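As structure tokens, the structure follows; a few thoughts come after it.
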Amino acid sequence: MDDGRLYRILHRFFDLRPDESRAALSLFAYFFLITFSIYIIKVVEETFLIGINPRLWPYPDLITVGLIGLAAAFNARLLTRLPRRTHAARTVLFFASNLIIFWLVFNMNARDLVLSPTVDSSGLLGAVPLLVTIKDSWPAPVIVFSFWADLFIVMTVTHFWIAVNDVFTLHQAKRTIGFLVTGGLFGGIGGALLMWLLGRVVGPTSLLLVCTAVLVLMLVAIRRVYGQARKIPEGSDAARAASGQRVGYFDSLRTVRRHDYLRVLAALLFSATVVGALVNYQFKSVVKAQIDNDLLRTSFLGSFFFWILVVSAAVHLATTSRLLKTFGVRLAVYVAPIVLILGTVSLFLLPAAGVGLMAWACFMRGSDKTFDNTITQSVRELLYIPVPAAVKYKAKVFIDMFVNKFAVGFGAVLYWVLYRALSFSYRDPVVQVRLIAYFVIGFAGLWITLAGVIYARYVGVLKKDLRKLWQEAHKKLEAHVDVDSVAPIVDLLQSRERSSTLYLMNLFRMVRSDKLTPELREALAFREDEIKARSLDSLLDVGGEAPFREIEEEAPDADLVTVISEVLHLDSFKTVMHSKLAEIVDGPASPEMSRMEAALLAGLMEPTPEVMRSLRRLLEDPSAEVLNYALGSAAVHRHKAHLPLILPHLGQPTTRQAAQAALAAYGPEIDDTLRRHLESDKESLEVRRAIPEVLARTGGQRAADILTEELSRGRGEMEQELVDALFRIRADRPVVLFKKKKILEAVYSIVRACYALILGKGGEESPGGSDGAALGRAALLELRIKRIFDLLTLIYAPDDIAKAYQNILKGTAKSVDHSLELLDNILNRNLKTYLFPLIEDLPQEQRLSVLRKLRRRLDRAASGRRLNWAPRLFRMTSRDRDA
Amino acid sequence: MDIQTREVGNVVIFDIDGEITRPAEATLHQFVKAELEKGKRNVILNLDRVGFIDSFGIGEILASYISIHNLGGHLKLCRISKKLYIVLQVTGLIKVLEVFEDCSAALKTFGEP
């Protein structure tokens, strides 16, 4: 079957991509065969185990604890020395050969003992002593087989999940996990069904041979799976992990101990497994009391596992992926322990006579198994995925093999102690089960606590893996440059060649504001005394001669700024300069240079009425250069009367920067004036577009509120400027708070515009303004998505959002995965639903289909028409309020 | 000021002729934004034939830098005059803006021949 057809069939039921179908199907088959064989072996194991004395039940688990560590170490070592495909195949062959031996042993035990010392009908002399040995040692073979079964289950399942990690990335694994686990469920159902139907006819022992055949088929599946393994880039963590580094048991243990996250994960698995072990003992106790016969027990256990798996499959298909997609790891991790606690508590509501006890035991064991097969397993594997590959391989082997089994052993010890201390052999099964229940509740409580801890750590691990790829531009500038000095420095250097008066006034301005840096001094290469003399000359020159020669002569060593300032304050100087200013400003044909000098001088002088009047005139000058200096002087005096003259200059590209700087100098006191102009439809669009930058520079809470309010009006022509200004305020002033509801409204509005871009207009109006109508859709979409993320930095942790955005845009495949996973865990559910189809890598057809559906919902929400199931977009959720 | 644009691979080169001062018509930043809105992210400003830049012009270069950088792109300058180099040095902008003696060297940093 070709890949396209395969994809089309599978895609109807599962979220798969075309290039994943073949690999996913191979893994599906692999897992199917693993669980098929597991459920044959499990039923045989439990049948024999329940049949022996209950006081012996803990021994297989304790033996497992004692020996599994060695097996884990050996397996870890082999994983790094052998190609994983080879190791997986040899492991399966080993277990297949063991099954034949066990078949022989169990078969011999079932046969009648021949007492006379003659050769029996089979012709083998040695068979008699062997028969005697087996009979005498019974139930030791059962205990050995039980340990062997545990080893088989752990090793084959571990190899499977390692294969998944080899074939798929994090995000692929999360998406396909539902499909893969379904394969496991179907395999288990098949194995359990076989035991149910044939168990009471053929008996458990003969079915071990069927299992052997299944293991042979598993070899084929392993070969297919590793044919699909993704090429791992050289130098990556996975490559180093696969390159044959030494890994021993203690190395694995050290790895886990060194990582806080892995320690918590190990503890979580431990508590969950102890709960499962105790529930298992409860189940065994009830089954032993109620079913005595081996064949009946085999059939019952076969049917029990069959129905558990059918229910698991139904639950899994209906809910696991949906649960993970909707609520994420955060809530999914709590489902199992909460249900088990509630189920355990319900035991105490049963009548003392034990009516309904079998049903209760089946419910509890069934729930534990169902969750284990579905949501718990999926969550557990997802919790591994953010861990770096080199660490993961070491840790997984240790945690899955040793910690898991140690927990089972712990449960066994607990049961062993309870059995003896509380004399279980003399107690009614109901009492036994209730006594164990107290411990189930305790460990389930610990499980819930650790679930909360691991989730917090999970998000931390995701964040740690992501780096910011670039620093925001204005932050980078501020780290190296005094941005406010750039224009004055350039004006100073430029004026040197144009007018000595202008030059020296610019110099004075720089000196007065202490911005004359060593680099600038060197560039100017001036001598202080020369400057002092020339500046006094220029400033005091009102007709070719310096009228105040005595000052120049008397203050040769005085500080330049102090001297000039004193001169500027002299009444006589002021009188002279006022008339000079008026002459230049009112004169019909004053040269542009003179007007520039006058405009700059106005900023150096005291704000007398005459100076302010001159400045007002200069603020209406036709020359952009004169206006530049006039606006600079207006910024010094910050006179309210100048505001109406400054504002129109925002609309001109030649004076916009200077006008913005001048208005910003007024500070927050003009925020409301700016708001009126921003909101006014009568004001020109160019002026309104320049106002957000001014508010960003004044940057207080009020400015943020004004900008947010304007943004929420949804007038798209200023969207870019408003978002940029808000983004800047957030970066410069972390204490400012932003109205989350309004920001979210703006986000959804932009999301809707993005949908319109992708789906085509269809009646949607694309916001006009600075984006224009003739732009490439993809480029425009990218700009709009940037705006969405800029807005999200206002209401979520800015660094997290910035990292996620930058890595989605320009990161590696792995960092893109982690970015999406991080967003999945920090954004609210509604937002994720609408945002993810824009940023995830989806097939085009699927994206269009999803977007059409989501656009209809957005349109309904926007128009106020809501159906019961449509999301309330504009109502804050408790998560929104809490953030 | 006259601006001609040309593309070399994924890089847009602005060949600027004249003075980058307060213009009556479109500003340099507006030209840059137009290219950003077409999806371009790598920009070189060829200042070989730029005789004069005032504070407004420096502001336009800075605004262009900010717009490009925040989208994950890169702005580079090539063939700047000695005067402009001094201005960039004195203002500290030389630590932020990447400057190249010739435009082919700037292109190479983008991985273009």
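The values are calculated or read from the model by the stated rules, or taken from the named source; none is laboratory data. From a predicted model like this one, the values you see are computed outputs, not experimental measurements. Note: ideal-geometry Cβ built from the backbone for every residue, glycine included; neighbour counts use all protein chains shown.
Go through the residues of the stretch A:279-293 one by one and say whether even a single one is assigned by TED's automatic domain parsing to the domain that holds A:Val431, modelled with pLDDT under 85 and more than 24 Å from A:Gly445 (Cβ to Cβ). Yes: one or more hits. Taking the criterion of being in contact with a Pro (Cβ under 9 Å, 6 or more places away or on another chain) and part of a helix (DSSP H, G or I), the residues of the stretch A:625-650 that qualify are A:Gly632, A:Val636, A:His637. When the helices (runs of 4 or more DSSP H) confined to the stretch B:1-106 are screened for residues that are more than 8 Å from every other protein chain (Cβ to nearest Cβ), over 30 Å from A:Leu791 (Cβ atoms) and among the aliphatic types (A, V, I, L, M), those reaching at least 1 such residues are found at B:82-91. Does the stretch A:600-609 contain at least one residue that is within 30 Å of A:Leu685 (Cβ to Cβ) and away from chain B (no Cβ under 13 Å)? Within the stretch A:600-609, none of the residues are within 30 Å of A:Leu685 (Cβ to Cβ) and away from chain B (no Cβ under 13 Å). In the set (1) within 38 Å of the chain's Cα centre (by Cα); (2) modelled with pLDDT under 90; (3) among the small types (Gly, Ala, Ser), A:Ser121 fails one condition alone, (1). A search for C-beta distances below 7 Å between a residue of the stretch A:502-513 that is at pLDDT below 85 and any residue that is of a type in the set (Lys, Arg), counting only pairs 6+ apart in sequence or on different chains, returns A:Tyr503/A:Arg496; A:Leu504/A:Arg534. The residues of the stretch A:793-822 that are in contact with a Phe, Trp or Tyr (Cβ under 8 Å, 6 or more places away or on another chain) and more than 14 Å from chain B (Cβ to nearest Cβ), listed by number, are A:Leu794, A:Ile795, A:Leu820.
If you check B:Ile44, B:Ile53, which single one turns out to be modelled with pLDDT under 90 and not aromatic (Phe, Trp, Tyr)? Before you say what the answer is, go through the steps one by one.
Numbers: B:Ile44 fails: modelled with pLDDT under 90.
The match here is B:Ile53.
Taken together, the residues in the stretch A:164-173 that are in contact with a Lys or Arg (Cβ under 9 Å, 6 or more places away or on another chain) and modelled with pLDDT under 80 amount to 3.
Looking across the stretch A:633-654, the residues that are surrounded by fewer than 23 Cβ atoms within 10 Å (Cβ to Cβ) and touching a Leu at 6+ places or on another chain (Cβ under 9 Å) come down to A:Ala635, A:Val636, A:His637, A:His639, A:His642, A:Leu643, A:Leu645, A:Leu647, A:Gly651, A:Gln652, A:Thr654.
Being at pLDDT 85 or above and crowded, with 19+ Cβ neighbours inside 10 Å is a property that does not hold for A:Trp103.
I'd like the full set of residues that are more than 13 Å from every other protein chain (Cβ to nearest Cβ) and without any contact (Cβ under 8 Å) to a residue 12 or more places away in the chain, limited to the stretch A:614-653. Within the stretch A:614-653, A:Lys640, A:Pro644 meet the criteria. For the stretch A:386-408, the set of residues classified as crowded, with 24+ Cβ neighbours inside 10 Å and modelled with pLDDT under 75 consists of A:Val397, A:Met401, listed by residue number.
Yes or no: the stretch A:681-699 includes at least one residue that is under 26 Å from A:Asp491 (Cβ atoms), aliphatic (A, V, I, L, M) and within 14 Å of chain B (Cβ to nearest Cβ).
Start the filter on the stretch A:681-699 by keeping residues that are under 26 Å from A:Asp491 (Cβ atoms), which leaves A:686-687, A:689-699.
If we keep only those that are aliphatic (A, V, I, L, M) too, we end up with A:687, A:690-691, A:694-696.
Then drop every residue that is not within 14 Å of chain B (Cβ to nearest Cβ), which leaves A:690, A:696.
The answer is yes, given that some residue of the stretch A:681-699 is under 26 Å from A:Asp491 (Cβ atoms), aliphatic (A, V, I, L, M) and within 14 Å of chain B (Cβ to nearest Cβ).
Just for the stretch A:712-731: of the residues that are free of Cβ contacts under 8 Å to residues at least 60 places away in the same chain and part of a helix (DSSP H, G or I), which one is surrounded by the most Cβ atoms within 10 Å (Cβ to Cβ)? Don't jump to the end; show me each part of the working.
We begin by selecting, within the stretch A:712-731, every residue free of Cβ contacts under 8 Å to residues at least 60 places away in the same chain; these are A:712-718, A:721-722, A:725, A:729.
Then keep just the ones that are part of a helix (DSSP H, G or I); that gives A:712, A:716-718, A:721-722, A:725, A:729.
Details: A:Ser712: 18, A:Gly716: 18, A:Glu717: 14, A:Met718: 23, A:Glu721: 22, A:Leu722: 28, A:Ala725: 25, A:Ile729: 25.
Restricting to residues being free of Cβ contacts under 8 Å to residues at least 60 places away in the same chain and part of a helix (DSSP H, G or I), the top hit is A:Leu722.
Inside the stretch A:412-439, residues that are touching a Ser or Thr at 6+ places or on another chain (Cβ under 8 Å) and either outside the structural domain of A:Arg55 (by TED's automatic domain parsing) or basic (Lys, Arg) (or both) make up a count of 0. All of (1) more than 17 Å from the chain's Cα centre (by Cα); (2) over 19 Å from A:Leu838 (Cα atoms); (3) at pLDDT 90 or above hold for A:Ser770 with one exception: (3). Of the residues making up the stretch A:710-740, those that are farther than 22 Å from B:Ala63 by Cβ and either at pLDDT below 90 or out of contact with any Asp or Glu (no Cβ under 8 Å at 6 or more places or on another chain) (or both) number 9.
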